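Each remark here refers to the structure printed beneath this line.
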C-alpha cells in the first residue's frame, strides 16, 4: 500500500473515533497529536492509539496489553490474535472505562 493511502485510512479512522467519542454517553476525553490519539477514561486510565508509518500498522496500548494491527482486505486485524479492530476496540474501551461503551465507528 502506498504511504499516502495508509495515512488517509488511519487519519479517517482517528477522525471517526473522535467523532464517536463526542457522541458517546460515557465521558471519555481524547487528544490527538503527532500520529498519536490518547483516550482518557473517567477513571483516569488511558488507551493510546499510535500510527506506525514505517510498518503501516496501527498500535493500540491499553492498561492490559499492547496490540499491533495490520490493514488487510479492508480491515484492521491484530497480528497476534486475529481480532478485528472495531470489535476489539469497543471491548477494550468498555473494560478500561469500567462500563459498557459502544462506539459507532464500524467500517471506516
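Every read-out reported here was derived from the displayed coordinates using simple, explicitly stated rules and does not represent laboratory data. Small disclaimer: the values here were computed from a predicted structure and weren't measured. Backbone-built Cβ (ideal geometry, glycine too); neighbour counts: all protein chains shown.
How would 76, 59 line up from fewest to most surrounding beta-carbon atoms within 10 angstrom?
With the fewest neighbours first, 76, 59 line up as 59, 76.
Let me have the 222 nm mean residue ellipticity of the chain computed from DSSP H runs of 4+ only, each contributing -39500 (n - 2.57), with the sum over all residues rounded to the nearest 500.
Taken over the chain, the calculation gives -10500 deg cm²/dmol.
Test of understanding: in a Gaussian network model of the chain with alpha carbons linked when under 10 Å, which of 73, 22, 82 would top the mean-square fluctuation ranking?
Maximum among the listed residues: 73.
Choose one answer from 60, 26, 93: the residue with the largest mean-square fluctuation in a GNM of the chain with alpha-carbon springs under 10 Å.
26
Say each of residue 25 and residue 87 gets a label point 7 Å from the Cα, pointing the same way as Cα to Cβ; how far apart are those two points in nm?
Label at residue 25, label at residue 87, 2.4 nm between them.
In vacuum, with every alpha carbon of the chain counted as one equal point scatterer, what does the Debye formula give for log10 I(q)/I(0) at q = 0.12, 0.19, 0.20 Å⁻¹? Two decimals, please.
-0.36, -0.96, -1.07
Kindly put 1, 41 in sequence by how many other C-beta atoms sit within 10 Å of each C-beta, fewest to most.
In order of increasing Cβ crowding within 10 Å: 1, 41.
I need the per residue convex hull volume for segment 1-55, using only the alpha carbons, in cubic angstrom as a whole number.
Spread over its residues, the Cα hull of segment 1-55 gives 71 Å³ apiece.
In which sequence would 25, 18 go, from the one with the fewest C-beta neighbours within 10 Å to the one with the most?
25, 18
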